[in-house]
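What follows is one structure encoded as structure tokens, with my remarks underneath.
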Amino acid sequence: MNQIELDGKVAIVTGAAQGIGRAIAERLLNSGAQVWLWDRDEHVLAETVAQLGKNARSLCVDVSAFENVIAAVQTVADAAGQIDIMVNNAGISGVNTTVADYPVDEWQRVIEINLNGVFYGCKAVVPHMIARGYGRIVNMASVAGKEGNPNASAYSASKAGVIALTKSLGKELAAHDIAVNCVTPAAARTAIFDQMTQEHVDYMLSKIPRERFVALDEIGAMVAWLVSAENSFTTAATFDLSGGRATY
């Protein structure tokens with residue numbers, strides 16, 4: 001494992017109690033950062049933080065509520081004295097069905113968490129980073145945001161929005177030492193699969209030329225570099241982890 005230097009850095013990772021978020025948090029901790037894990041599942045979050053060690057901190061946060069997000073950011077800033085890294089990872093898959101049959105309330109729920117939650121996280125943390133003249137933001141999108149998966153319109157649309165938001169914010173902050181990038185993984189085998197039909201899981205696997213799902217530590221490795229000081233030039237960019245699926 002390549003060593004990424006994050007000593008003295010303070011990071012926030014949303015949706016970090018399990019799955020991709022936990023893997024990212026663990027990699028940042030191993031690189032020396034203090035990591036604040038956010039999740040709305042208080043019980044699982046407490047277990048995860050206890051397992052990850054002394055530099056892990058926890059906050060129960062609902063990213064779909066802006067007031068909750070901005071209060072949590074201030075809590076981290078007050079306790080740690082700085083915020084260097086923000087990884088907006090929290091997300092849900094939504095139901096698998098056609099656009100014609102997609103429930104409106106479910107569409108709104110997916111957009112609120114997957115897209116608005118990323119916007120809220122960025123909006124809350126950016127002023128702290130500008131004030132310090134440094135920051136690294138990574139937004140977790142998906143290859144579905146590039147290609148659009150059938151029977152997953154809300155998820156695909158929300159992740160496409162994350163890509164566009166990343167590009168806009170990255171350009172807004174380009175004059176500062178604040179890099180804003182996103183990652184577009186193919187599917188990783190996590191608890192989010194429990195929200196999907198087996199038919200949809202099989203479809204996603206069939207589209208990956210490497211013929212396997214992305215491993216969690218592979219995602220953590222890419223994010224660790226993106227949030228490091230070494231990533232001093234690239235911003236407003238999209239980094240693929242699609243196993244060869246993405247064509248652009």
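Among (1) free of Cβ contacts under 8 Å to residues at least 40 places away in the same chain; (2) over 20 Å from Thr234 (Cβ atoms); (3) not in a loop (DSSP other than H, G, I, E, B), where does Asp101 come up short?
It fails just one condition, (3).
Does Ala65 satisfy the condition of being within 18 Å of the chain's Cα centre (by Cα), buried (at least 23 other Cβ atoms within 10 Å of the Cβ) and over 29 Å from Trp225 (Cβ atoms)?
Spelling it out, it is not the case that Ala65 is within 18 Å of the chain's Cα centre (by Cα), buried (at least 23 other Cβ atoms within 10 Å of the Cβ) and over 29 Å from Trp225 (Cβ atoms).
How many residues does segment 9-52 contain that are among the hydroxyl-bearing types (Ser, Thr, Tyr) and either farther than 22 Å from Val214 by Cβ or without any contact (Cβ under 8 Å) to a residue 40 or more places away in the chain (or both)?
Qualifying residue count for the region: 1.
Among the residues of segment 120-149, which ones are surrounded by fewer than 19 Cβ atoms within 10 Å (Cβ to Cβ) and within 14 Å of Val162 (Cα to Cα)?
Lys123, Glu147, Gly148
Is it the case, given these coordinates, that Gln108 is part of a loop (DSSP other than H, G, I, E, B), surrounded by fewer than 18 Cβ atoms within 10 Å (Cβ to Cβ) and either modelled with pLDDT of 95 or more or small (Gly, Ala, Ser) (or both)?
No: the conditions fail for Gln108.
Quick check, is Leu59 without any contact (Cβ under 8 Å) to a residue 24 or more places away in the chain, touching a Ser or Thr at 6+ places or on another chain (Cβ under 8 Å) and not in a loop (DSSP other than H, G, I, E, B)?
Judged against the criteria, Leu59 is a match.
Condition first: farther than 14 Å from Ala124 by Cα, at pLDDT 95 or above and either crowded, with 22+ Cβ neighbours inside 10 Å or among the β-branched types (Val, Ile, Thr) (or both). Can you find one or more residues in segment 69-89 that meet it?
There is at least one residue in segment 69-89 that is farther than 14 Å from Ala124 by Cα, at pLDDT 95 or above and either crowded, with 22+ Cβ neighbours inside 10 Å or among the β-branched types (Val, Ile, Thr) (or both).
Go through (1) farther than 25 Å from Gly244 by Cα; (2) out of contact with any Leu (no Cβ under 8 Å at 6 or more places or on another chain); (3) touching a residue at least 24 places away in the same chain (Cβ under 8 Å); (4) among the small types (Gly, Ala, Ser) one by one and return the number of the condition Gly135 breaks.
Condition not satisfied by Gly135: (2).
Name the single residue that is farthest from the chain's Cα centre (by Cα) among those in segment 124-137 being of a type outside the set (A, V, I, L, M) and under 15 Å from Asn181 (Cα atoms).
Applying the filter and picking the extreme gives Tyr134.
Can you name the number of the only condition in (1) farther than 22 Å from Ala77 by Cα; (2) modelled with pLDDT of 95 or more; (3) part of a helix (DSSP H, G or I) that Val126 fails?
The failed condition is (1).
Among the residues of segment 97-107, are any acidic (Asp, Glu) and closer than 27 Å to Lys207 by Cα?
Checked against the condition, which is being acidic (Asp, Glu) and closer than 27 Å to Lys207 by Cα, segment 97-107 yields at least one hit.
Could you run through segment 19-48 and say how many residues are in a loop (DSSP other than H, G, I, E, B), more than 14 Å from Val87 (Cα to Cα) and either at pLDDT below 95 or touching a strand residue (DSSP E or B) at 6+ places or on another chain (Cβ under 9 Å) (or both)?
Within segment 19-48, residues that are in a loop (DSSP other than H, G, I, E, B), more than 14 Å from Val87 (Cα to Cα) and either at pLDDT below 95 or touching a strand residue (DSSP E or B) at 6+ places or on another chain (Cβ under 9 Å) (or both) number 2.
The values are calculated or read from the model by the stated rules, or taken from the named source; none is laboratory data. Quick caveat, the model's predicted, so the values are computed rather than measured. No Cβ is skipped: glycine too gets one built from the backbone with ideal geometry, and neighbour counts run over all protein chains shown.
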